[in-house]
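Every number here is computed from the coordinates shown, using simple stated rules; none is lab data. Just so it is clear, the model here is predicted, and its values are computed rather than measured. When we count neighbours, we look across all protein chains shown, and the Cβ atoms used for this are built from the backbone with ideal geometry, even at glycine.
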Amino acid sequence: MLKQELETTFDNITIRMEKKNQLELSITKDGIMSVLSFLKNKGYDHLHVISCVDWIDDKQLELVYILSAYMKQDVPGETEQLNILLKTRIGRDDPKYITSIALFPAAEPYEREIHEMFGVDFLGHPRLTPLLLERDYDIPPFRKDFDTKQYVDDVFGSVPSVEGEDKN
Amino acid sequence: MRELELYYGPQHLGMVGNFSLTLQVEGDKILKASANPGYLHRGFEKLMEKRSWIKNFPMVCRINVIEPDSMEMIYSMGVEKLAGIEVPERAHFIRSIFLELARVGSHLFGLWAYANMLGFDTVAQWAMYHRDLVLDLFEELTGGRVYHIYIWPGGVRRDFPEGFKDKIVKTLHTIGGCVPDYDSTFFNNRLFYERACNVGKVSRAEAMEMGGVGQVIRATGMAYDIRKVEPYAAYDRVPWNVPTRKEGDAFSRIWIVRDEMIESVHMIFKLLDEMPEGNVYNRIPNPFKWRIPEGEAYVRCESSRGELGLYMVSDGGKEPYRAHFRTPSYSHGLTVLEKALEGANISDVGNIMMSLYVVAPEIDR
């Protein structure tokens, strides 16, 4: 039922439901906010998480908004607890997107984290200050081209190991 | 009066775990609070992308130090959903019993932290002792006290040893026999009431828009529990209740923790009675060559702190392409805590934070 409504309301939306109670929606990047507010009005009022996946081969970052209803009774006609995965892709170079805090205040720390870890700028976000990290990185550290091992060797590699000293 | 900036934590008596707050205060009233996580950031989600599906377990369970079992569970559920692995019925029951024991242990730890912060040292010591009894059970079953890696894709690692059921019952009776003592010393104590009642109030509307789960939302009267909402393991095989209260303050949140422990113990007894015979483990492919088909999965379960989610993507390789944990402390410790601290008293910071049940390693991951 939700599937038909989504198909009639939005153009260029792809809907897949391959796994149990998991509805995957993909839409172009202009469509996310209208779909989010549509779903919120339908009763899907619980934003679980905003995630980000770096598809380096496609040169794209994928933003994933996962939401569901707090109680399925809130959604008329809902028989099973649906988890909705709403996805969009944005360019990997100088990525910019708009914030969804106005719709879901819970989005604030997630967007802050994605800004820090993937370098996505969320326009309109009140504080995009560092959340978890303390150093500056050339490449945002959760991107696929950030090599953890290389970074550790470069930054901490010059400290000689205790075992090495013993051998000499 | 003059405004001051006050740094609270990461080393502070009212703080358990490495987490700090920057408070804007006027006198002893808090005007604005901002949370500073990151002291425990280990980049687990990034490191997981370089390790095979089975090698990730030692990292996954360290995300929540206090209750690692629900982390093992959520990761196993994610892998099972991606790879389409079925779990035997007996393993479902063992998983549920194991997770409920972990919930009791974790709540006792939380009670230790909360009682200690309020100055009820005796109750705190009792809770720590009783948690140790639960850890003894884990040690016998899995060989580890804190990190178990007992649940894994396809079931659990091994069946209960002989006589283990009786040991669970005996331990739980020992702990349950002390509930009247806990009640008279702590839960029905006027001091606890005076300190916690009407402190750190979060209304239902606020909790819902800020992504509150677990005790935070159940303290506002909503029976939101993933074990009921989207049942997994064997939670739909036995009847049980979701404890709720209406007030939404620290007092009701801690009372819910108490009621949940009792409910869990009753649930374990019912599950032990209903447990079927059979094998506990469906074979998975050779873990060193294991490739999981392309796809993505979102799974969730109820940890002792509330809804726990995992978004996992596979590109058909030997490692996860991306894993992202949605932990309950993340929204509680960053959004709800900042909101609940506005207008509160400095002496209540620890109180509010402990009653929201924030665990720092879960935020940082």
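Amide H contacts of residue A:97 (H built 1.01 Å from N, in plane; Pro and chain starts excluded): A:121, A:122, A:123 sit under 5 Å, all sequence-distant by 5 or more or on other chains. Which of B:74, B:54, B:352 moves the most in a Gaussian network model of chain B with Cα springs under 10 Å? Answer for the Gaussian network model of chain B: B:54.
This model, with +1 at the C-beta of Lys and Arg and -1 at the C-beta of Asp and Glu, gives the protein assembly as shown a dipole about its Cα centre of some 620 debye. In this simple spin-label model, placing a label point 7 Å from the Cα along the Cα-to-Cβ direction at both residue A:152 and residue B:188 gives a separation of 5.5 nm. Among the listed pairs B:228/B:270; A:42/A:144; A:96/B:32; A:40/B:55; A:20/B:228; A:20/A:72, a Cα-Cα separation exceeding 27 Å is found for A:42/A:144; A:96/B:32; A:40/B:55. With contacts taken as Cα pairs under 8 Å at a separation of at least 6 residues, the stretch B:42-364 carries a relative contact order of 27 percent. Once C-alpha pairs closer than 8 Å and six or more residues apart are averaged by separation and normalised to the residue number of the stretch A:2-155, the relative contact order reads 19 percent. Between amide H atoms placed 1.01 Å from N, distances below 5 Å from residue B:152 occur with B:157, all of them 5 or more places distant or on a separate chain. Looking only at A:64, A:53, A:152, which one moves most when chain A is put into a Gaussian network model with springs between Cα atoms under 10 Å? Highest fluctuation among the options: A:152. Annotation: amide H-H contacts under 5 Å for residue A:48 (H modelled 1.01 Å from N, sequence separation of 5 or more, or interchain): A:66, A:67, A:68. Using the Cβ of residue A:154 as centre and a radius below 14 Å, the other residues enclosed give a net charge of -2, where K and R count +1 and D and E count -1.
Cross-link reach is defined here as a Cα-Cα straight distance under 16 Å, omitting same-chain residues fewer than 8 places apart; for residue B:29 the lysines meeting it are B:201, B:339. Couplings 3J(HN,Hα) for the stretch A:46-59, derived from phi with the Karplus relation 6.51 cos²θ - 1.76 cosθ + 1.60 (θ = phi - 60°), are 10, 7, 6, 7, 10, 10, 9, 10, 9, 9, 5, 5, 8, 6 Hz, where x marks Gly and Pro. Taking every alpha-carbon pair under 8 Å whose residues sit at least 6 apart, the stretch B:1-115 reaches a relative contact order of 15 percent.
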